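> Got a structure here, written out as structure tokens. Questions coming.
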Amino acid sequence: MIVYNLRCANSHEFEGWFQSSAAFDEQAAEGKLVCPVCDTRKVVKAIMAPAVAGTKKTAARDELRKMHQFVSGMRKYVKENAEYVGPRFPEEARKIHYGETDARHIYGEATLKEAKELIEEGVDVAPLPPDLEEEAN
């Protein structure tokens, strides 16, 4: 696992977690990297301080492993306990929020714009982190 500081064409900075340096290169080449602030796909690596070997590095690796386990467990729980609605997620989430359909747990896909609109409407949504093992394959 590798963490890069990223910057978009509009100078927004954010972190990106990748399985490897090659995974970053592949996602960048395919235009899969998106700024979470402005939605631009013009994203590059920002200047980073070099990592220094020592106990901090080992502790960070342990924390990263724990985080990976937590995210994997959370994804598994959601998949086992919620209905997958795919790209209909924004529509279904609104129907549930406004009482137009029975309340239930759902998950699916939404663009960043759609997610922002749902949040602005007061619809309770949260991003589900990507499955790091699926992305590696």
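> Take the residues in segment 104-124 that are free of Cβ contacts under 8 Å to residues at least 60 places away in the same chain and out of contact with any helix residue (DSSP H, G or I) (no Cβ under 9 Å at 6 or more places or on another chain), then tell me which one is nearest to Pro87 (Cα to Cα).
Lys116
> When you scan segment 42-57, how many residues do you find that are at pLDDT 90 or above, part of a loop (DSSP other than H, G, I, E, B) and touching a Lys or Arg at 6+ places or on another chain (Cβ under 9 Å)?
0
> Right, something else. Give the residues of segment 25-41 that are outside any loop (DSSP other than H, G, I, E, B) and not acidic (Asp, Glu), sorted by residue number.
Once the filter is applied, which keeps residues that are outside any loop (DSSP other than H, G, I, E, B) and not acidic (Asp, Glu), segment 25-41 yields Gln27, Ala28, Ala29.
> Among the candidates Lys66, Lys45, Lys79, single out the residue that is at negative phi and surrounded by fewer than 12 Cβ atoms within 10 Å (Cβ to Cβ).
Lys66
> Could you list, ordered by first residue, the pairs with Cβ atoms under 6 Å in which the first is in segment 85-103 and more than 13 Å from Val125 (Cβ to Cβ) and the second is of a type in the set (Lys, Arg), at least 6 apart or interchain?
Thr101/Lys95
> Can you tell me which residues in segment 1-19 are touching a Leu at 6+ places or on another chain (Cβ under 7 Å) and over 15 Å from Val37 (Cα atoms)?
Within segment 1-19, Met1, Gln19 meet the criteria.
> Taking Pro36 and the conditions (1) exposed (fewer than 11 other Cβ atoms within 10 Å of the Cβ); (2) at negative phi; (3) at pLDDT below 90, which numbered condition does it fall short on, given that it satisfies the others?
If we test Pro36 against (1) exposed (fewer than 11 other Cβ atoms within 10 Å of the Cβ); (2) at negative phi; (3) at pLDDT below 90, just (1) comes out false.
> Would you be able to tell me the number of residues in segment 82-116 that are in a helix (DSSP H, G or I) and either surrounded by 12 or more Cβ atoms within 10 Å (Cβ to Cβ) or modelled with pLDDT under 90 (or both)?
Matching residues across segment 82-116 total 13.
The values are calculated or read from the model by the stated rules, or taken from the named source; none is laboratory data. Nothing here was measured: the structure is a model prediction, and the numbers come from that model. Quick reminder, even Gly has a Cβ in these numbers, built from the backbone with ideal geometry, and neighbours come from all protein chains shown.
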